[in-house]
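The values are calculated or read from the model by the stated rules, or taken from the named source; none is laboratory data. All figures in this text were calculated on a predicted structure; none of them were measured in a lab. Quick reminder, even Gly has a Cβ in these numbers, built from the backbone with ideal geometry, and neighbours come from all protein chains shown.
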Amino acid sequence: MRDFDFEIVMGLEVHAELHTKSKIFCGCTTEFGGEQNTHVCPVCLGLPGVLPVLNEKVADYAMKAGLALNCKIASFSKFDRKNYFYPDLPKAYQISQFDLPIASGGYIDIEIEGKKKRIGITRVHMEEDAGKLVHGGGSLAYAGYSLADYNRTGVPLIEIVSEPDIRSIEEAIAYLDLLKAILEYTEVSDCKMEQGSLRCDANVSLRPWGQKELGTKTELKNMNSFKALQKALEYEIERQAEVLREGGKIIQETRMWDENKGETISLRSKEEAHDYRYFPDPDLPPIIISEEWVERIRQTLPELPQARQIRLVESYGLPSYDASVITGSKAMADYFDQACSAYGIALPAGQSTDDKGKERAKQISNYMMGELSRRLNASDQGYQDSPITPENLVELLTLIEGGTISGKIAKTVFDEMFESGKKPKQIVEEKGLVQISDEGAIAAVVSEVVAKNPQVVADFKAGKDKAVGFFVGQVMKATRGKANPGLVNKLLMEELKKQ
Amino acid sequence: MALTKEEVQHVAKLARLELSEDEVDKYTVQLNAILEYARKLEALDTTNVPPTAHAFPLQNVMREDKVTASMAQEKVVSNAPDEEDGFFKVPRIV
Amino acid sequence: MKLYSKRAHELHELLVSKQVSAVELVNDVAARLEDVEPKVLAFVSQRIEDAKAEAARVDDKIASGETIGPLEGIPMAIKDNMCTEGIPTTCSSKMLHNFVPPYSATVVRKLNEAGAIMLGKVNMDEFAMGSSCENSWQEGTRNPWRLERVPGGSSGGSAASVAAGQAIFSLGSDTGGSIRQPAAFCGVVGLKPTYGSVSRYGLIAFASSLDQIGPFSRDVRDCAQVMNVIAGHDPLDSTSAPIDRPDYTSFLNKSIKGWRIGVPKEYFGEGIDAEVEEVLRKAMKTLESLGAELVECSLPHTEYALPCYYIIAPAEASSNLARYDGVRYGFRTEDAEDLISMFSKTRSEGFGEEVKRRIMLGTYALSSGYYDAYYLKALKVRTLIKQDFDRAFEKFDVLLSPTTPTVAFTCGDRLENPLQMYQSDICTLSVNLAGIPAISINAGFADGLPIGLQFMGKPFEEGRLLQISHAFEEATGCHSQMAPLKGGCEG
Ligand SMILES: [Mg+2]
Ligand SMILES: [Zn+2]
């Protein structure tokens, strides 16, 4: 970024909805959607007189996320009230954590073009989600009225605040990507950005190269996809740079990314900045976390993305590019591991497979990174709901490996598998796609084709290489692609030599 | 450290209370009297005294992650001053 | 038969022996309610017809030979800050004048299950903020002993209705003395349980770390009976103590011989009326005659309780009362242009003066730059006040003090001076800050007005408070008088 005239300083605040069954302080379901105001009870509606009771899974999950992000877990943690008025906040305060968050002082290591960079995690804290407003008349700015739905109110969140260690948009994206993968791996959140279960805010400031003090920052809200994060940061960085180049000053403010307009809009300026009047929530006793509790949660930590990436390279000889793509999503990595098991090449960490195994692993990887990902993306599906199971994919690879079907036929079978979810053997049988490896049968077709095309034989003899391709094509056409290509080549050359 | 009228107005804004001029005057006097009285506390040395936010030292009060029934939509909005289609309706925000 | 003047345990005997039916009982108390209500103004809403239907069901039960519980069929009143499903719950505020809760408070549910019959909801200072029951959206309740006087507050309706025979017992809530002070002013028994003894679920919050529900009754035995129903752990309240509720009646009829009673000198200083002190001294003699030893002691941080309380309670209240914004329930202003004006107009028009004053005070104490100086400081002083009690209870079984420094004052007298009004809670506030239990019982009269005696106990030792109160009551017979409903009030 040296070609840019300012140094970019950014920190991200990520809110992730925890994957619990019930809300943080009441028994209402956390299920996404539902008709408006049907996942609501007196507690999450904030009716006069109600009291919160903490869902034990929320503390467990927040701790698990904290440990996965290399944080220290607090031995004493408490809930505080963050007071502000907004129609999506039924009690006019959000139960959150202020000075004693459940986890703090962690980090994750992102990788940019092969180089590692450590991003500090300031804190991870628990809080409740707010409701949703629908603006009558479209956007907030032009609405004549708004409508409040409290189904989402009280869904448990963790807020993950990074240090201002991020220096470029690439780093911001890599950070969010890795963070998302870690949260998915630990299964504390389903991280469905399109459903708002992972949301990202950013603090952005610029400073001249070499300057120590931080510039004035703006807080960007409402970036709810990677694309939005990229575009909003590009816009905001350029906006700030322009202001500074013209000798202006950045105002400390909150700005909202407007997806439709493609710009950030000022929400409120500093003088109106909130005074949240945090204080300990008297309705909720503190949480005292013992060593044993932390250990119990640590035991539940799965293999995290980076460890898994290393294992895929070391155990299966996958190129690190393949390994990083596959481990970028837990579902994809799980699919790969399941396929390896089905193929009989799975190994415990620390051991590596033989060349045959490596070849097989690469075959799996090729299919996943190529055709399967393409088809899943096109149909908006994830690896967890792939119509082709890892076992069926391996069955297909086995059919190719054993010469039962040709690579070309495999494509047809794959398409059919994706459409119908059927097993490849069944498809091959039903459609009669078994490769013809009977020399006599192929030889008969070859001589017939050669006999029919004396002119092409003449071309061959005149040294035109294209002629061979023509004959192969004709044989394949006659056998509906089922002829074993190796045999076709061999028999064709023999036949042509005879001419 | 007396509270000024401007501060009273700022506090009213934070608390979302619209005060008349008379109320601002009255509250300025009364709040100052109460705060003056509250400053009695400054006389106490509390250097090594921990704060008490809860009357009794309970800890780790939690419930199982179990879904229980929510209310019917018409019950949820039954007290709503303004309602549309099962939503709570509020005036324009900006 | 003047059933309304009897205690719950006496009425229970009459019901069980079929000398009186539950319907007769409800009819009698309802008639009394109607008869004196124009003078007392204790009720915010009534449900007499429903109460009669419930009484008929109790009679069916008795007729079919089933046993009934001690409170079954007994008419009661509930302070209007406890949620009652399907029955308006207003906190005596315009803000909630139309609020009908879709759920019931745990105490209300428990009393329903015990078969007690609610005649109506009773008046209070708006959102429980006040010491005279005059800060009500409705007209202020009157003191049944002398009608130009206040009944005390904030649970003024709860105290007055019991003193006037409009209910056999009632529930109130106590944040800084709101049960004990009106109990003293109205000459009835009022218990503020240990913080965490009685569920707060469904009690509309004033100051969450101080609020506690408790009973009003005309004698100590009834108080114990009501506690037997309402106390106990509630999983819906995270601050509810996970301990087993004792049988509170098991503490009655027991000697207090050899008990050491601490008498904190700070509660007998200037500001205590001579007539109050005189009655208290006499009460102490009675206790000595029962075999207790009275020893002067000190709670050195007592003078800081009032300023400490008037930071903590408003701070919590400012947050608890923020939810009244006109969006989901309650009052909404008629002339809102946009959201911000809807919020601030709704709140300005919906809240009364005292509530706004405390919201302002609490908002200020929590605001940026003042939190440490006021709120945090008050939380630390609270620790010191609590430690005073811990130390005293190392030496004493209970502590004794007046409940209030004066007898009931005249309507309107203290309305213009908030600080003076706050002073009437000077003897009761510390107990809430420390979270300990305390009871007020009648100790005698000055010029026909009741004077309250307060016993304070160790956490979860309500039983001891009931034991000593019962011994005192048996020795003096103070409890047996009915308020005369004399005088008048122009205000
Ligand atoms: Mg947050
Ligand atoms: Zn709920």
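Just a few scattered comments:
- When region A:25-84 is filtered for residues that are within 16 Å of ligand 2 (Cβ to nearest atom) and among the basic types (K, R), only A:K57 remains.
- Residue identified as part of a loop (DSSP other than H, G, I, E, B), over 24 Å from B:A80 (Cα atoms) and touching a strand residue (DSSP E or B) at 6+ places or on another chain (Cβ under 9 Å) among A:D88, A:D99: A:D99
- Residue pairs whose Cβ atoms lie under 8 Å apart, sitting 6 or more positions apart in sequence or on different chains, and linking a residue in region A:443-466 that is of a type in the set (G, A, S) to a partner that is surrounded by 11 or more Cβ atoms within 10 Å (Cβ to Cβ) and part of a helix (DSSP H, G or I), are A:A443/A:L491; A:A443/A:E495; A:S447/A:E495.
To keep it simple, each residue is scored yes or no on (1) in contact with a strand residue (DSSP E or B) (Cβ under 7 Å, 6 or more places away or on another chain); (2) within 14 Å of chain A (Cβ to nearest Cβ); (3) of a type in the set (D, E).
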residue	(1), (2), (3)
C:G196	no, yes, no
C:V220	yes, no, no
C:P235	yes, yes, no
C:A241	no, yes, no
C:P246	no, no, no
C:D273	no, no, yes
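- Taking the criterion of being within 16 Å of ligand 1 (Cβ to nearest atom) and among the small types (G, A, S), the residues of region A:150-187 that qualify are A:G154, A:S162.
- For A:Y145: the one exception among (1) within 16 Å of ligand 2 (Cβ to nearest atom); (2) touching a Gly at 6+ places or on another chain (Cβ under 6 Å); (3) within 14 Å of chain B (Cβ to nearest Cβ): (1)
- Considering residues of region A:410-439 that are aliphatic (A, V, I, L, M) and at pLDDT 85 or above only, the residue nearest to the chain's Cα centre (by Cα): A:M417
- Considered as a group, the residues in region A:86-99 that are buried (at least 20 other Cβ atoms within 10 Å of the Cβ) and more than 18 Å from A:V50 (Cα to Cα) include one that is farthest from ligand 2 (Cβ to nearest atom), and that residue is A:Q97.
- When residues of region A:1-24 are limited to those that are β-branched (V, I, T) and within 16 Å of ligand 2 (Cβ to nearest atom), the one nearest to C:D211 (Cα to Cα): A:I24
- Residue within region A:178-197 that is touching a residue at least 60 places away in the same chain (Cβ under 8 Å), in contact with a strand residue (DSSP E or B) (Cβ under 9 Å, 6 or more places away or on another chain), farther than 24 Å from A:T300 by Cα and surrounded by fewer than 20 Cβ atoms within 10 Å (Cβ to Cβ) present: yes
- Scanning region A:91-125 for residues that are more than 12 Å from every other protein chain (Cβ to nearest Cβ), among the hydrophobic types (A, V, I, L, M, F, W, C) and within 16 Å of ligand 1 (Cβ to nearest atom) yields a count of 4.
- The number of residues in region A:1-23 being surrounded by fewer than 24 Cβ atoms within 10 Å (Cβ to Cβ), more than 16 Å from ligand 1 (Cβ to nearest atom) and within 29 Å of A:I173 (Cβ to Cβ) comes to 11.
- Among the residues of region A:409-463, those identified as in a loop (DSSP other than H, G, I, E, B) and over 30 Å from A:N377 (Cβ atoms) are A:G432, A:V434, A:Q435, A:S437, A:D438, A:N453, A:A462, A:G463.
- For region C:336-353, a residue qualifies if it is more than 7 Å from chain B (Cβ to nearest Cβ) and in a helix (DSSP H, G or I), and the qualifying residues are C:I340, C:S341, C:T346, C:E349, C:G350, C:E353.
- Given (1) in contact (Cβ under 8 Å) with a residue 40 or more places away in the chain; (2) buried (at least 24 other Cβ atoms within 10 Å of the Cβ), index of the condition C:G153 fails: (1)
- Of all residues making up region A:24-46, the number that are buried (at least 20 other Cβ atoms within 10 Å of the Cβ), away from ligand 1 (no atom under 16 Å from the Cβ) and touching a residue at least 24 places away in the same chain (Cβ under 8 Å): 11
- Every test in (1) within 14 Å of chain C (Cβ to nearest Cβ); (2) touching a residue at least 24 places away in the same chain (Cβ under 8 Å); (3) under 21 Å from A:A62 (Cβ atoms); (4) aromatic (F, W, Y) is passed by A:Y84 save one, and that test is (3).
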